[in-house]
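All remarks here apply to the structure that follows.
The values are calculated or read from the model by the stated rules, or taken from the named source; none is laboratory data. Keep in mind it's a predicted model, so treat the numbers as computed, not measured. Accessible surface is based on the protein model in full, side chains and every heavy atom, while ligands, DNA and RNA are left aside. Shrake-Rupley method; radii C 1.70, N 1.55, O 1.52, S 1.80 Å.
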Amino acid sequence: MADATRELMIMSVHPRHLHKIITGIKTVELRKTRPSVGGGQPVALYATSPTRAVLATCTISRVVAGAPHDLKNDLLGAAQVTSTEYDKYFAGADRAVGLYLQNVLMLPEPITLDHIRLTNTWHPPQTWHFVAAERLSNFVGNHQSLASIGALL
């Protein structure tokens, strides 16, 4: 691992959106709150139910934040959502955040929630969660995809 003080961001994504990220169609993930990250942040992408597994890794190239109506035209295409979906997601929100993703790589083998729970009482985050590099092996155990994730840090 390059830097033992780094943290891995684990981001929950709906399976239909994660599929688009993995295939390269979707390059921006939308959020209502801004994580304390910048360019180069390593990320493990967790697919929510019904998949319930870490399927891929990536890095965040940049983060943009602002009023939803100000960012809408810039984010729609890259986020692969319709105007209606965007408006519904950000209804009542003061802020829109776009996490630009790059270097997306599928893991050799998914890390299922059941596997993670063999050594942890982890509950998948609604948005994101951070795991310190030195705790990564405690988090995923001896899973064969550990090396792929560890290479990010």
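What the table below lists for this structure:
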quantity	calculated
Structure-based [θ]222 nm, the chain - -39500 (n - 2.57) summed over DSSP H runs of at least 4, per residue, nearest 500	-6500 deg cm²/dmol
Three-way shape label, the chain, alpha-carbon gyration tensor, a/c 1.5	prolate
Relative contact order of region 35-118, defined on C-alpha pairs under 8 angstrom at six or more residues apart (%)	37 percent
Probe 1.4 Å, protein heavy atoms only - accessible area per residue of region 1-102 in square angstrom	47 Å²
Segment residue 67-residue 84, extension gain: residue separation times 0.36 nm, minus the distance between their alpha carbons	4.5 nm
Sulfur and carbon atoms: percent of accessible area, the chain [1.4 Å]	50 percent
Solvent-accessible surface (1.4 angstrom probe) belonging to residue 109, in square angstrom, nearest 10	90 Å²
Residues whose placed amide H lies under 5 Å from that of residue 26, excluding near-sequence neighbours	21
Area of residue 145 that stays accessible when all protein chains are in place (1.4 Å probe, Å², to 10)	0 Å²
Contact order relative to length of the chain, as percent, for alpha carbon pairs under 8 angstrom and 6 or more apart	35 percent
